[in-house]
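The values are calculated or read from the model by the stated rules, or taken from the named source; none is laboratory data. Since the structure is predicted, the reported quantities are computational estimates derived from the model, not experimental observations. Cβ placement follows ideal geometry from the backbone for every residue including glycine, while neighbour counts extend to all protein chains displayed. Ligands, DNA and RNA are excluded from the accessible area calculation, which covers all protein heavy atoms including side chains. Shrake-Rupley method; radii C 1.70, N 1.55, O 1.52, S 1.80 Å.
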Amino acid sequence: MTVRVICMAKEMKKILVTGSVGQIGSELVPALRAKYGNENVIATGYKTMPGESFRNAGPFEIVDVMDKDSLRVIIEKYDIDTIYHLVSVLSAMGEKNPNLAWDVNMITLKNVLDLAKEYEFSRVFWASSIAAFGPSTPKDNTPQLTVMDPNTMYGLTKVAGELLCNYYFVKHGVDVRSLRYPGIISYKTLPGGGTTDYAVEIFYEALKNRKYACFLKEDATLPMMHMPDAIKATIDIMQAEPSKIKTRTSYNLAAVSFSPKEIAEEIKKHIPEFECTYEPDFRQKIAESWPKVIDDSSARNDWGWKHEFGLAEMTKDMLEKLGEKLGVNL
Ligand code: SER
């Protein structure tokens, strides 16, 4: 029995996560390690270094994914078989530096897909976004297949990236799977330069200062999701049988939609003195170009997606966990 277990462990192919120090990566890596074993999940980062406990929990490598050969070295070193490619410049940051957004988002994806083809990976995951939609996209119950005319550099790299994924699947048989993530809310790592970041900042400010000046208008409704649901969706889609994945661009994915006013009111139920004011900046225009409510029935029907956290459950969980992290009592 022991011998068999050891042999199986030896045969286990390795998983690589790019962008592992980012908002999603920092929570996806521990979840994958819990599932597949610490040594089998290779976390990578480039500019931002992880904390000590993350770094010591399993393999960590510094890799510039823009440089195909650097990535190749790590793929060969660990005999990588699966990649979760999370590196991305987000919407607001992308508008400040569109060249960087184009280069980082497109070149890294092309490198990952080329190497996945060359090394015959069993699976690739790539993160798309609600930002792939644009002003002409229907805003309510946005269908899986619809008009996509994003007007941010981030959004257009997501549309091009989705088409590239589909191309590598059809043309080269690369088993690539992708999700159009909504705004992700979490307490472990801050998001880096997105339009939905207000929905994370609001919790920090509510706990620390009892007030928050929101950079979107009070009625700017957007699709959102609590991190545990995002992690579950990512692992679920990667575990699904290939025949169940009928969309090879990227799947619509939804949990809950709310406006800044609605989340502020939910927080007030726990912190009655909390005050939210509204000072919309350039990110308001980005928010206005995105859907309000996403129809994710394809993900639900094809591979059984189901969310757990609504606005009330997410708010309670965030205030408890972030309060603990910040040492602030409600
Ligand atoms: N959270 C992202 C952003 O706001 C959307 O994918 O840019």
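Miscellaneous remarks
Residue-wise test of (1) within 14 Å of the ligand (Cβ to nearest atom); (2) among the small types (Gly, Ala, Ser); (3) modelled with pLDDT under 95; (4) at positive phi.
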residue: Val87; (1), (2), (3), (4): yes, no, no, no
residue: Val112; (1), (2), (3), (4): no, no, no, no
residue: Ser122; (1), (2), (3), (4): no, yes, no, no
residue: Ala127; (1), (2), (3), (4): yes, yes, no, no
residue: Phe133; (1), (2), (3), (4): yes, no, no, no
residue: Pro138; (1), (2), (3), (4): no, no, no, no
residue: Gln144; (1), (2), (3), (4): no, no, no, no
residue: Leu156; (1), (2), (3), (4): yes, no, no, no
residue: Tyr168; (1), (2), (3), (4): no, no, no, no
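- From the list Glu262, Glu273, the lone residue that is part of a helix (DSSP H, G or I), more than 22 Å from Leu86 (Cβ to Cβ) and not aromatic (Phe, Trp, Tyr) is Glu262.
- If you go through segment 206-219 and pick out every residue that is touching a strand residue (DSSP E or B) at 6+ places or on another chain (Cβ under 9 Å), open to solvent by 10 Å² or more (accessible area, probe 1.4 Å) and more than 22 Å from Ile24 (Cβ to Cβ), you end up with 6.
- Filtered residues of segment 115-143 (kept if open to solvent by 30 Å² or more (accessible area, probe 1.4 Å) and not in a strand (DSSP E or B)): Lys117, Glu118, Tyr119, Glu120, Ser122, Pro135, Ser136, Pro138, Lys139, Asp140, Asn141, Pro143
- Flag for Lys246 being within 20 Å of the chain's Cα centre (by Cα), surrounded by fewer than 19 Cβ atoms within 10 Å (Cβ to Cβ) and assigned to a loop (DSSP other than H, G, I, E, B): no
- Options Thr146, Thr137: the member that is over 21 Å from the mean Cα position of the chain (by Cα) and closer than 22 Å to Asn301 by Cα: Thr146
- Hits in segment 194-235 - residues which are more than 16 Å from the ligand (Cβ to nearest atom) and under 14 Å from the mean Cα position of the chain (by Cα): Pro228, Lys232, Ile235
- Matching option when the condition is among the charged types (D, E, K, R), free of Cβ contacts under 8 Å to residues at least 12 places away in the same chain, open to solvent by 10 Å² or more (accessible area, probe 1.4 Å) and not in a helix (DSSP H, G or I), among Lys292, Lys306: Lys306
- Matching strands (runs of 3 or more DSSP E) fully within segment 17-105 where at least 1 residues are of a type in the set (D, E, K, R): 60-62, 80-85
- Selection count, segment 193-237, where residues are in contact with a Gly (Cβ under 9 Å, 6 or more places away or on another chain), more than 16 Å from Thr277 (Cα to Cα) and among the aliphatic types (A, V, I, L, M): 3
- Residue in segment 154-165 that is assigned to a loop (DSSP other than H, G, I, E, B) and either out of contact with any His (no Cβ under 8 Å at 6 or more places or on another chain) or of a type outside the set (Val, Ile, Thr) (or both) present: no
- Test: residue in segment 275-285 that is open to solvent by less than 10 Å² (accessible area, probe 1.4 Å) and among the hydrophobic types (A, V, I, L, M, F, W, C): no
- Ser20 meets each of the listed conditions (1) more than 21 Å from the chain's Cα centre (by Cα); (2) under 22 Å from Thr196 (Cα atoms) apart from (1).
- Residue count, segment 170-193 (criterion: within 12 Å of the ligand (Cβ to nearest atom) and either out of contact with any strand residue (DSSP E or B) (no Cβ under 7 Å at 6 or more places or on another chain) or at pLDDT below 95 (or both)): 5
- Every residue from segment 249-274 that is closer than 18 Å to Tyr198 by Cα and open to solvent by 60 Å² or more (accessible area, probe 1.4 Å): Lys261, Glu262, Glu265, Lys268
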